[in-house]
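Shown next, in structure tokens, is the structure this report addresses.
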Amino acid sequence: MTVPGGAVFLPLIGAVLHPLLGWCIQKGTFHGVRLSVIVAIANLVTAFIFLLYLNPTGGWEISGRDWWAIGNGVFFFLGQWFSIQSVKTGDLAVHSSALGMKVVIVGFFSMLVGLEPSSWSLVCGVTLATVAIFLVSGGSAEGWRTHRVTVGLTLVACLFFGINDFLTGWKSREIGAARWLILMMSTSGIISISLLFRRGEQLAMLARNPRITTFVVGAGLLLGLQALAVNLAFSRYGQPTLTNVVFSTRGLMAVLFLYLIGRKSDPRFVRKQSAGGVLMVIALAIVLGA
């Protein structure tokens, strides 16, 4: 597989899984499960999937550059935590539209250290992708002004997520992609366990309701597969900006999913999403040609 093929194909798989992941999370929260609990359980399932698929070397003794991977796991969890707080405080469309700034952060750091070539094509593609995410998610200037706290928390989440993606693309091959990813997700999983200890009543509810547990575990499986695909692309191909732009099509995949199941939307919203979809295709074409 060529470098562009892997950097594109793997995040595209992750983007396709995104609507189903969102559906499982929506079902879980609808039945009273806290978003933080869903994410914590998903992190544990993700770590388990990584352990099953990957075959790291070197044992569990931590030394040298291993600490980069552990720190990156902390960044990943912090990104999730601020993202959860953002969702709790305001409009989901505002949160989703602001998440596009992660692409800018990844691109900035990648070009700063020379991980990816600095070019007008890459800058233009990243800019268009960010605007496309804003439109597809239903963002608006008024919504950003009204929900400033949501925007602020989302931008902090973008910073942590962006650094996480960048470091995986930049540093993971120094200790091996498999070792890096397992140390990273194990760190996030250990932090998640401490969070679940404070949510005993939620775990008891899940134990009493197998159907709800199915949605929560399903979300974990989908998140695990999505995270595995995207992080393999980051670590093995070292093109985090390209991978992020491709993975940004997850919003477009969600729109297509809603269309396929017959969900009706406001015509003005559809026009905005359509414009975003066109921009996303153009952004992909520009970044692939960079």
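Coordinate-derived values only; no laboratory data. No experiment lies behind these values; they were computed from the predicted model shown.
Whole-Hz Karplus values for the stretch 228-244 come out as 5, 4, 5, 6, 4, 5, 4, 6, 8, 10, x, 10, x, 5, 4, 4, 5 Hz, taken residue by residue from phi with 6.51 cos²θ - 1.76 cosθ + 1.60 and θ = phi - 60°; glycine and proline positions read x.
Each principal axis of the Cα atoms in the chain has its own extent, and those three values, largest first, are 49, 46, 34 angstrom. Taking Ala177, Ala207, Ala15 in turn, the Gaussian network model of the chain (Cα-Cα springs below 10 Å) assigns the largest fluctuation to Ala207. Under a Gaussian network description of the chain, with springs only between Cα atoms under 10 Å, the residue in Gly200, Gly22, Gly71 that fluctuates furthest is Gly200.
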